[in-house]
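The values are calculated or read from the model by the stated rules, or taken from the named source; none is laboratory data. Quick caveat, the model's predicted, so the values are computed rather than measured. Backbone-built Cβ (ideal geometry, glycine too); neighbour counts: all protein chains shown.
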Amino acid sequence: MRAVRFVPLALLALLLAGLVWRLATPGDTTVGSKLQGQPVPAFALAAALRAKPGLSAADLAGGKPRLVNIFASWCVPCIGEVKVLQALKARGVAIDGIAVRDRAEDVADFLARNGDPYERIGSDPQSGVQISLGSSGVPESFVVDGRGVIRYQHIGAIEQADMPLIMAKLEDAK
Amino acid sequence: MIAEAGLAALWLAAGLAALQFVLMIGVLRSRVAAAPAMRPIAIVQGVLTLIAFAALLLVFATTDLSVALVAENSHSAKPFMYKVAGAWGNHEGSMLLWVTVLAVAGAFLALLSRRTSERTLVAALGSQAALALGFYAFLLIASNPFARLNPAPLEGRGLNPLLQDPGLAFHPPTLYFGYVGLSIAFSLAFAALLTNDVDARLARAMRPWVLGAWIFLTLGITAGSYWAYYELGWGGYWFWDPVENASLMPWLAATALLHSINVLAARGALKAWTMMLAVVAFSMSMVGTFLVRSGVLTSVHAFAIDPERGTFLLALLAIYVGAAFILFALRCATLKEGAPFELVSRETGLVVNNLLLSVILGIVFLGTLYPLFVEAVSGEKLSVGAPYFNAVAGPLALILAVLVGLGPLLAWRRERRPVLKRLAVPALIGVTALIITVIVAPQMTILPRLGLTVAAYLAAASVLPLVGRNPLRTPLATWGMVVAHVGIAVALAGMAANAAFTQERLAVARPGERLSVGPWTVLFAGVSPAAGKNWTAIQGELQATRGQGLVTLKPETRYFTDPPTDTNEAAIETFWNGQLYTVIGKGDDSGAWQLRLWWKPFVTLIWLGGALIGFGGALALIGRLWMRRPRRAAAGDWRKARYA
């Protein structure tokens with residue numbers, strides 16, 4: 001019975017330990033896509049531009065790993081990301097785009113001004129495909145292997161410093 | 001100048017708190033005959049914090065942008081009321097409000113306390129000063145509300161527009177009165193453990209404070225729930241959000257304390273348990289403040305997050321609660337339990353009430369912190385939401401509600417009368433309600449159905465303590481209990497009706513379209529621009545009708561300019577049997593608008609019930625304070641003291 005007296009103290013210590021741990025390691029609040037390691041859900045997007053083909057799930061199962069970049073002409077971080085994507089393209093990475101909630105003339109304008117790293121661009125006017133991929137914002141990128149399986153999700157813009165990481169993920173996906 | 005005066009008052013108050021704490025140690029070691037000085041010091045300390053807080057209100061009212069806090073949180077274009085309310089709508093200001101309430105509560109304890117022994121009062125004032133001291137240090141070292149900016153900016157950075165609402169003017173201060181009011185219970189319990197003075201007299205001294213704090217908590221939670229309901233535009237009244245739980249946990253502990261303290265006051269029993277609850281109740285307030293202020297849990301309420309401040313608050317929590325628990329562990333063996341009682345008695349009823357409330361408290365506590373511990377142990381992220389809380393706490397709350405009808409009928413010490421017979425009529429009313437729900441709404445899920453049943457039963461059972469008594473000679477405290485218990489039934493009915501009968505309609509509509517929700521046909525007449533002092537808006541016009549009569553609702557999407565933010569202003573129309581709740585969202589390029597319509601039958605009962613519970617508490621408090629004299633004249637015999 002004597003030990004019971006110290007139960008509140010022990011509970012307090014446990015609580016404090018938990019809270020100290022949380023303060024020391026601030027929570028990472030990004031929530032990754034549940035589809036990592038899963039095949040891309042079936043979709044077929046119309047072309048965002050007349051000059052380029054649209055994007056469908058079948059295009060992503062062509063035998064070679066590809067990088068799918070979710071972007072928008074109204075997205076400011078996407079502007080900086082284009083340069084990095086072009087550097088990746090120069091290294092032989094196949095990149096497809098999904099333009100979210102966008103208009104053809106705005107996308108064309110965006111690419112003319114910042115550069116165009118994309119082979120195909122699908123237009124996702126209501127974010128339906130974006131949401132089905134488990135993406136919650138722009139820009140986001142997915143590494144998809146040759147069989148159409150999502151191998152890696154990159155949340156936020158791909159920076160210069162992320163290039164080796166992306167190259168390694170693409171290498172793994174081969 | 002005003003800001004500096006406020007800062008000076010704060011430093012002086014901190015100095016007096018330190019003096020008060022040192023004097024307490026001296027008095028308790030019998031070295032200093034300083035006991036008479038304690039009361040005036042505590043009172044002056046309270047006055048000084050009031051001066052500091054008034055200074056903060058003044059710099060906010062005049063929008064003195066050379067004060068960093070004002071520049072961060074205010075704006076010259078803001079309506080005057082929200083300028084003033086902005087004083088506590090931020091971290092530093094709210095902590096100043098906290099310490100002000102703490103010190104003023106200490107001052108009132110010094111001013112009013114006649115029931116405790118001198119030594120216990122000195123110890124209580126000392127421990128209250130120790131509590132305040134930590135928060136003074138926090139303010140003066142880590143979050144000075146009066147820091148200046150040089151040069152002063154030309155314009156302030158505004159205030160979160162969600163907080164520009166009359167609800168803000170009342171909700172946080174009300175909750176703080178409740179949180180901090182419990183500090184007196186904490187200090188009295190700590191003092192009584194220190195001086196070995198835990199008895200019925202202490203309980204009677206503590207009871208008005210617990211009651212007062214509990215009333216504020218009840219009203220604060222009710223107001224906060226209504227604020228979230230109409231301001232966030234989600235149509236819900238409770239989201240089991242960590243910060244909501246942070247206010248619910250002290251309330252649960254205070255509710256348990258409110259009941260157990262009656263056992264201690266009337267019968268001298270449950271000493272250790274009651275002291276424990278007094279410590280836990282204020283600890284829960286501190287945990288709540290910590291959770292809100294540190295941002296360790298992901299929450300919609302994360303208005304002010306800063307890990308360094310979190311560390312400071314956590315240290316205070318560890319020191320105060322740790323000290324109280326250590327003292328408790330050392331002293332609880334020496335507490336002699338009071339008069340014995342039999343299995344069927346008022347005491348047993350209150351013990352069961354306390355057990356159930358404690359288990360519910362444990363469930364809420366566990367659910368709130370479970371994601372944190374799971375992530376600490378396994379690295380896995382998860383969130384605990386309404387399905388857990390409703391499924392686990394709901395049935396227990398219903399059982400508790402059933403017993404609420406029984407408890408007040410039991411006599412102290414032992415009950416020999418056939419009490420269950422008196423519940424026959426309420427039980428019959430409950431069964432009738434059950435049958436009606438089965439006939440009217442056969443598809444209803446189990447919890448709302450039981451909720452309506454229990455609510456009907458409890459509404460009838462709650463008034464039984466008045467039956468057969470002269471209403472004029474019934475103590476006010478008994479009236480208070482009856483009103484509060486009826487309030488529980490009313491709130492429960494509202495929750496169950498809302499869960500069972502709410503109809504929702506989400507639509508993308510063009511002007512001229514008609515939508516139906518519940519008994520209503522709603523015509524979307526169109527949209528027009530609107531503007532306020534610091535916002536512009538798109539205002540939808542909805543004409544609702546159900547058979548006869550026409551009601552026009554104008555929900556808005558507002559765009560605030562400083563800082564640029566969008567908010568939804570729901571338009572809500574209240575009828576005797578429910579609320580029509582409408583929200584307008586974004587338009588698309590083709591001229592269609594997102595509309596969300598709800599018909600919520602009897603949802604207002606939730607807050608009416610909350611208000612009744614608070615009102616019942618107020619009646620009991622008035623009764624307790626009023627009855628003091630006559631009862632003392634009747635004198636001495638605890639057996640004559642009527643419980644309410």
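Among the residues of segment B:352-363, is any outside any helix (DSSP H, G or I), touching a residue at least 24 places away in the same chain (Cβ under 8 Å) and closer than 22 Å to B:Ala460 by Cα?
No, the conditions are met nowhere in segment B:352-363.
Being among the β-branched types (Val, Ile, Thr), assigned by TED's automatic domain parsing to the domain that holds B:Arg119 and either closer than 19 Å to B:Ser187 by Cβ or not in a helix (DSSP H, G or I) (or both): is that true of B:Val22 here?
yes
Conditions tested, residue by residue: (1) of a type in the set (Phe, Trp, Tyr); (2) more than 19 Å from B:Gly616 (Cα to Cα); (3) under 18 Å from the mean Cα position of the chain (by Cα).
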position	(1), (2), (3)
B:Ala192	no, yes, no
B:Ala205	no, yes, no
B:Ala213	no, no, yes
B:Leu217	no, no, yes
B:Gly220	no, no, yes
B:Ala228	no, yes, yes
B:Ala246	no, yes, yes
B:Trp251	yes, no, yes
B:Lys271	no, yes, no
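Read through the list (1) assigned to a loop (DSSP other than H, G, I, E, B); (2) away from every other protein chain (no Cβ under 14 Å); (3) free of Cβ contacts under 8 Å to residues at least 60 places away in the same chain, then give the number of the only condition that A:Ile79 fails.
(1)
Regarding B:Val522, is this residue outside the structural domain of B:Trp251 (by TED's automatic domain parsing), more than 30 Å from B:Met81 (Cβ to Cβ) and part of a strand (DSSP E or B)?
yes
Condition check ((1) free of Cβ contacts under 8 Å to residues at least 40 places away in the same chain; (2) more than 18 Å from B:Leu149 (Cβ to Cβ)) across all residues:
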site	(1), (2)
B:Ala42	no, yes
B:Val59	no, no
B:His75	no, no
B:Phe80	yes, yes
B:Gly89	no, yes
B:Met95	no, yes
B:Val99	no, yes
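Among the candidates A:Ala57, A:Ala46, A:Ala87, A:Ala61, single out the residue that is touching a residue at least 12 places away in the same chain (Cβ under 8 Å) and either more than 23 Å from A:Met167 (Cα to Cα) or among the acidic types (Asp, Glu) (or both).
A:Ala46
Of the residues B:Phe108, B:Phe170, B:Phe177, only one is closer than 26 Å to B:Arg624 by Cβ, assigned to a helix (DSSP H, G or I) and out of contact with any helix residue (DSSP H, G or I) (no Cβ under 6 Å at 6 or more places or on another chain); which?
B:Phe108
Scan segment B:129-149 for residues that are more than 22 Å from B:Ala71 (Cβ to Cβ) and of a type in the set (A, V, I, L, M, F, W, C) and jot them down.
Answer for segment B:129-149, where residues must be more than 22 Å from B:Ala71 (Cβ to Cβ) and of a type in the set (A, V, I, L, M, F, W, C): B:Ala129, B:Ala130, B:Leu131, B:Ala132, B:Leu133, B:Phe135, B:Ala137.
Would it be correct to say that B:Val425 is among the β-branched types (Val, Ile, Thr), at pLDDT 90 or above and buried (at least 19 other Cβ atoms within 10 Å of the Cβ)?
no
Is it the case that segment A:123-138 has a residue that's out of contact with any His (no Cβ under 8 Å at 6 or more places or on another chain), among the acidic types (Asp, Glu) and assigned to a strand (DSSP E or B)?
yes
Mind listing whichever residues of segment B:369-387 are within 22 Å of B:Val292 (Cα to Cα) and in a helix (DSSP H, G or I)?
Within segment B:369-387, B:Leu369, B:Tyr370, B:Pro371, B:Leu372, B:Phe373, B:Val374, B:Glu375, B:Ala376, B:Ala386 meet the criteria.
Quick one: in segment B:137-173, of everything that is crowded, with 19+ Cβ neighbours inside 10 Å and over 28 Å from the mean Cα position of the chain (by Cα), which residue is modelled with the lowest pLDDT?
Going through the qualifying residues, I end up with B:Gly156.
Go through segment B:319-330 and report how many residues are more than 9 Å from chain A (Cβ to nearest Cβ) and either exposed (fewer than 14 other Cβ atoms within 10 Å of the Cβ) or of a type outside the set (A, V, I, L, M) (or both).
2
Just to verify a result, which residue in segment B:275-317, among those that are modelled with pLDDT of 80 or more and over 21 Å from B:Leu133 (Cα atoms), is nearest to the other protein chains (Cβ to nearest Cβ)?
B:Met276
Quick one: would you say A:Ala58 is loosely packed, with under 15 Cβ neighbours inside 10 Å, modelled with pLDDT under 90 and more than 14 Å from chain B (Cβ to nearest Cβ)?
Against the criterion (loosely packed, with under 15 Cβ neighbours inside 10 Å, modelled with pLDDT under 90 and more than 14 Å from chain B (Cβ to nearest Cβ)), A:Ala58 qualifies.
So A:Arg66 clears everything in (1) away from every other protein chain (no Cβ under 14 Å); (2) crowded, with 18+ Cβ neighbours inside 10 Å; (3) of a type in the set (D, E, K, R); (4) farther than 21 Å from A:Gln153 by Cβ except one condition, right? Which one?
Against the list (1) away from every other protein chain (no Cβ under 14 Å); (2) crowded, with 18+ Cβ neighbours inside 10 Å; (3) of a type in the set (D, E, K, R); (4) farther than 21 Å from A:Gln153 by Cβ, A:Arg66 comes up short only on (4).
Does B:Leu193 count as touching a residue at least 60 places away in the same chain (Cβ under 8 Å) and in a helix (DSSP H, G or I)?
For B:Leu193, the condition - touching a residue at least 60 places away in the same chain (Cβ under 8 Å) and in a helix (DSSP H, G or I) - is met.
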